[in-house]
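*Asks:* What follows is a structure written as structure tokens; I'll ask about it next.
The values are calculated or read from the model by the stated rules, or taken from the named source; none is laboratory data. Every value quoted in this text rests on a predicted model; they were computed, and no experiment measured them. Here Cβ is always computed from backbone atoms with ideal geometry, including for glycine, and neighbour counts include all displayed protein chains.
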Amino acid sequence: MNHLNSHPSFRAAGCSLILAVLVASCASGTPGRVPAGAPAAVAPPCCTADVLAAGLGIAERYRVAAITTRRFSHADFWRAVEPSVTSASFRLAPVGASLLGRPIRSVTFGQGATTVLLWSQMHGDESTATMALADIFRFLSEATADPLRERLRRQLTITFIPMLNPDGAEVFQRENAVGIDVNRDARRLATPEARTLKQVQEDLRPQFGFNLHDQNARTRVGGRGVQSAIALLAPAYDRALSYNDVRSRARLVASVLATTFAHEIPGRVAKYDDTFNPRAFGDLMQQWGTSTVLIESGALPDDPQKQRLRALNVAGILAALDAIATGSYAAAAPSGYDSLPFNQGGAFDVLVAGGQLVLPGKPPMPVDIAINYDDAVARTRGRVRDAGDLAGVVAIDTVDASGLFLHPDPSALTTTPAGPMLRLGAVAEFFLRRGSSATSELVRRIGG
């Protein structure tokens, strides 16, 4: 029984009506230059706030309820999407197997002349886009009429490879079963996972590609910016970072994505490092003639399982696919992508600055504390990573402890014959108090 298709029909109809209105209003703009192979009618990228809202509505209505956390197995995923991908809307095919023999499958939708390839979770612990693809499959599998779905079906042939690295996903690690980063195996093709992706690219010769990843949750937008939720990249195909037609098309699609995401997460969209890497799939896909966009999902406050980022991926991917289907990406301004600040790493999760640390039996002393969580996304189990004068250190969150006293919980201390010690790597449990006495007024608890 296909329970994934049992939602109320009025929801799909309402979404279709919204999208039909958006298409009509956007089509009234001034057409951009039509690229080779694009449909004749080209609408400029406009109404992006409404397009994003419609996409987020799709993400909510078609969310696959069987996937609720960012860690799930290969079997869990395919069980959850089976009702969708076995529908008449899709062509499901085995395309390879992992090192440990888990099947790698492609899911194809549409009969259009423009070909698109999307692959996710080539790093086993980067599952946000895989969750989003499950929801997109459910949306595309619907039999009810919908302008967006029909446009994608008519204009595009879309091939998805979800969970390219199922062995890594099984233990939620970046690398495959032999410890190789599949995204750094595009040149040598030593792994079966890399060979599978390369073979699919050679068979399809897709015009557009989407390389779907998750990035470090401690990455910031610019040198001292906020936590980066999404990073985009039109990868370089040579060391000179040149722009040919292939990379230029990718830049315009990335610009559509940047403009779309900015309405929901302003200031949290960055550009990924564009240094050419001759071992990386995104760079070589560009070199092989596929206009490729990298989407990296970082983290957002209060989104421990990346469900908000999952919805943003649904909305962004659908907006980008529609821009390709209509050809409207050609009217995007390159500056939408070019003006993005670069990602910056090296931040701590929390910096407690300006306080006085109180060890039992010792006088208070000025000590800043830097804390990192074991799980930087869920922000669980903080540990002390640095202490001392940390002026100038960058953190995702900063606690101003000026004029206050930092009392470690006993669990944060190591007992020695000479007395307790605070050490790097210790559990970060602190009580921020008004005075040096352990009974003084509590301001807040930090860590945990």
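*Asks:* Exactly one of (1) more than 20 Å from G298 (Cβ to Cβ); (2) in contact with a strand residue (DSSP E or B) (Cβ under 7 Å, 6 or more places away or on another chain); (3) not β-branched (V, I, T) is unmet by G403. Its number?
*Replies:* (2)
*Asks:* Quick check on my filter: what residues within the stretch 186-237 are more than 21 Å from L117 (Cβ to Cβ) and without any contact (Cβ under 8 Å) to a residue 24 or more places away in the chain?
*Replies:* Hit for the stretch 186-237 is A190, nothing else.
*Asks:* To continue, here is another question. Out of curiosity, is D397 on the phi < 0 side of the Ramachandran plot and surrounded by 12 or more Cβ atoms within 10 Å (Cβ to Cβ)? Before you say what the answer is, go through the steps one by one.
*Replies:* On the way: on the phi < 0 side of the Ramachandran plot: yes; surrounded by 12 or more Cβ atoms within 10 Å (Cβ to Cβ): yes.
Yes.
Yes/no per residue for (1) closer than 18 Å to A177 by Cβ; (2) crowded, with 19+ Cβ neighbours inside 10 Å; (3) of a type in the set (V, I, T); (4) at pLDDT below 95:
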{"residue": "Y62", "(1), (2), (3), (4)": "no, yes, no, no"}
{"residue": "A66", "(1), (2), (3), (4)": "no, no, no, no"}
{"residue": "A75", "(1), (2), (3), (4)": "yes, no, no, no"}
{"residue": "S84", "(1), (2), (3), (4)": "no, yes, no, no"}
{"residue": "P94", "(1), (2), (3), (4)": "no, no, no, no"}
{"residue": "L99", "(1), (2), (3), (4)": "yes, no, no, no"}
{"residue": "P103", "(1), (2), (3), (4)": "yes, no, no, no"}
{"residue": "S106", "(1), (2), (3), (4)": "no, yes, no, no"}
{"residue": "T115", "(1), (2), (3), (4)": "no, yes, yes, no"}
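*Asks:* List pairs: first residue in the stretch 58-70 and in a loop (DSSP other than H, G, I, E, B), second residue at pLDDT below 95 and acidic (D, E) anywhere in the structure, Cβ distance under 6 angstrom, at least six positions apart or on different chains.
*Replies:* none
*Asks:* If A132 satisfies every condition in (1) over 18 Å from F281 (Cα atoms); (2) in contact with a Gly (Cβ under 9 Å, 6 or more places away or on another chain); (3) surrounded by fewer than 24 Cβ atoms within 10 Å (Cβ to Cβ) but one, which is the exception?
*Replies:* Only one criterion in (1) over 18 Å from F281 (Cα atoms); (2) in contact with a Gly (Cβ under 9 Å, 6 or more places away or on another chain); (3) surrounded by fewer than 24 Cβ atoms within 10 Å (Cβ to Cβ) is unmet by A132, namely (3).
*Asks:* Based on what the data block shows, is A231 among the small types (G, A, S), touching an Asp or Glu at 6+ places or on another chain (Cβ under 8 Å), part of a strand (DSSP E or B) and at pLDDT 95 or above?
*Replies:* Values: among the small types (G, A, S): yes; touching an Asp or Glu at 6+ places or on another chain (Cβ under 8 Å): yes; part of a strand (DSSP E or B): yes; at pLDDT 95 or above: yes.
Yes; evaluated as a whole, the condition is true for this residue.
*Asks:* While we're looking at this one, here's another question. Please list, ordered by first then second residue, the pairs with beta carbon atoms under 8 Å, 6 or more apart or interchain, first in the stretch 148-159 and without any contact (Cβ under 8 Å) to a residue 12 or more places away in the chain and not assigned by TED's automatic domain parsing to the domain that holds G209, second surrounded by fewer than 21 Cβ atoms within 10 Å (Cβ to Cβ) and β-branched (V, I, T).
*Replies:* Between residues of the stretch 148-159 that are without any contact (Cβ under 8 Å) to a residue 12 or more places away in the chain and not assigned by TED's automatic domain parsing to the domain that holds G209 and residues that are surrounded by fewer than 21 Cβ atoms within 10 Å (Cβ to Cβ) and β-branched (V, I, T), there is no close pair.
*Asks:* Going by what's in this entry, would G425 be described as assigned to a loop (DSSP other than H, G, I, E, B), more than 30 Å from Q344 (Cβ to Cβ) and either in contact (Cβ under 8 Å) with a residue 40 or more places away in the chain or not hydrophobic (A, V, I, L, M, F, W, C) (or both)? Let's see the steps before the verdict.
*Replies:* Details: assigned to a loop (DSSP other than H, G, I, E, B): yes; more than 30 Å from Q344 (Cβ to Cβ): no; either in contact (Cβ under 8 Å) with a residue 40 or more places away in the chain or not hydrophobic (A, V, I, L, M, F, W, C) (or both): yes.
No.
*Asks:* Still on this model: Which residues, taken from the stretch 236-276, are surrounded by 15 or more Cβ atoms within 10 Å (Cβ to Cβ), small (G, A, S) and assigned to a loop (DSSP other than H, G, I, E, B)?
*Replies:* A236
*Asks:* Okay, next question. Restricting to the stretch 147-184, what's the tally of residues that are aliphatic (A, V, I, L, M), assigned to a helix (DSSP H, G or I) and either at pLDDT below 95 or within 16 Å of the chain's Cα centre (by Cα) (or both)? Outline the logic, then answer.
*Replies:* First, the residues of the stretch 147-184 that are aliphatic (A, V, I, L, M): 148, 152, 156, 158, 161, 163-164, 169, 171, 177-178, 180, 182.
From what's left, assigned to a helix (DSSP H, G or I): 148, 152, 169, 171, 182.
Narrowing the set further to residues that are either at pLDDT below 95 or within 16 Å of the chain's Cα centre (by Cα) (or both) leaves 169.
Total meeting the criteria: 1.
*Asks:* State yes or no: is V394 among the hydrophobic types (A, V, I, L, M, F, W, C) and farther than 15 Å from R445 by Cα? Don't jump to the end; show me each part of the working.
*Replies:* Values: among the hydrophobic types (A, V, I, L, M, F, W, C): yes; farther than 15 Å from R445 by Cα: yes.
Yes.
*Asks:* Output the number of residues of the stretch 198-221 satisfying the condition of being more than 30 Å from V350 (Cα to Cα) and assigned to a strand (DSSP E or B).
*Replies:* Keep residues of the stretch 198-221 that are more than 30 Å from V350 (Cα to Cα), which gives 198-211.
Then drop every residue that is not assigned to a strand (DSSP E or B), which leaves 208-211.
Qualifying residue count, the stretch 198-221: 4.
Residues are listed down the side, and each one gets a yes or a no for (1) without any contact (Cβ under 8 Å) to a residue 12 or more places away in the chain; (2) in a loop (DSSP other than H, G, I, E, B); (3) under 30 Å from P235 (Cβ atoms); (4) of a type in the set (S, T, N, Q):
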| residue | (1), (2), (3), (4) |
| --- | --- |
| N343 | no, no, yes, yes |
| G346 | no, yes, yes, no |
| V377 | no, yes, yes, no |
| D397 | no, no, no, no |
| F431 | no, no, no, no |
| A438 | no, yes, no, no |
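*Asks:* Right, something else. Answer yes if at least one residue in the stretch 13-27 is among the hydrophobic types (A, V, I, L, M, F, W, C) and at pLDDT 50 or above, and no otherwise.
*Replies:* As a first pass, look at the stretch 13-27 and keep what is among the hydrophobic types (A, V, I, L, M, F, W, C): 13, 15, 17-24, 26-27.
After this cut, where a residue has to be at pLDDT 50 or above as well, the list is none.
Within the stretch 13-27, none of the residues are among the hydrophobic types (A, V, I, L, M, F, W, C) and at pLDDT 50 or above.
*Asks:* Any idea which of V377, V358, V384 is touching a helix residue (DSSP H, G or I) at 6+ places or on another chain (Cβ under 8 Å), surrounded by 11 or more Cβ atoms within 10 Å (Cβ to Cβ) and modelled with pLDDT of 95 or more? Give the steps one after another, and end with the answer.
*Replies:* On the way: V377 fails: touching a helix residue (DSSP H, G or I) at 6+ places or on another chain (Cβ under 8 Å); V358 fails: touching a helix residue (DSSP H, G or I) at 6+ places or on another chain (Cβ under 8 Å).
V384 is the lone residue from the list that is touching a helix residue (DSSP H, G or I) at 6+ places or on another chain (Cβ under 8 Å), surrounded by 11 or more Cβ atoms within 10 Å (Cβ to Cβ) and modelled with pLDDT of 95 or more.
*Asks:* Please go through the stretch 361-374 and give me each residue that is part of a strand (DSSP E or B) and either within 25 Å of the chain's Cα centre (by Cα) or surrounded by fewer than 16 Cβ atoms within 10 Å (Cβ to Cβ) (or both), ordered by number.
*Replies:* If we filter the stretch 361-374 for residues that are part of a strand (DSSP E or B), which is where we start, we get 365-366, 368-374.
M365, P366, I371, N372, Y373, D374, listed by residue number.
*Asks:* May I pose another question? When you scan the stretch 312-335, do you find a residue that is surrounded by fewer than 19 Cβ atoms within 10 Å (Cβ to Cβ), among the charged types (D, E, K, R) and assigned by TED's automatic domain parsing to the domain that holds A132, even just one? Before the answer, list the steps.
*Replies:* Initially, the stretch 312-335 is screened for residues surrounded by fewer than 19 Cβ atoms within 10 Å (Cβ to Cβ), giving 333-335.
Next, from what is left, pick out any that are among the charged types (D, E, K, R): none.
Within the stretch 312-335, not a single residue is surrounded by fewer than 19 Cβ atoms within 10 Å (Cβ to Cβ), among the charged types (D, E, K, R) and assigned by TED's automatic domain parsing to the domain that holds A132.
*Asks:* Quick one: T219 ticks every box in (1) surrounded by fewer than 23 Cβ atoms within 10 Å (Cβ to Cβ); (2) at pLDDT 95 or above except a single one, so which number is it?
*Replies:* Exception for T219: condition (1).
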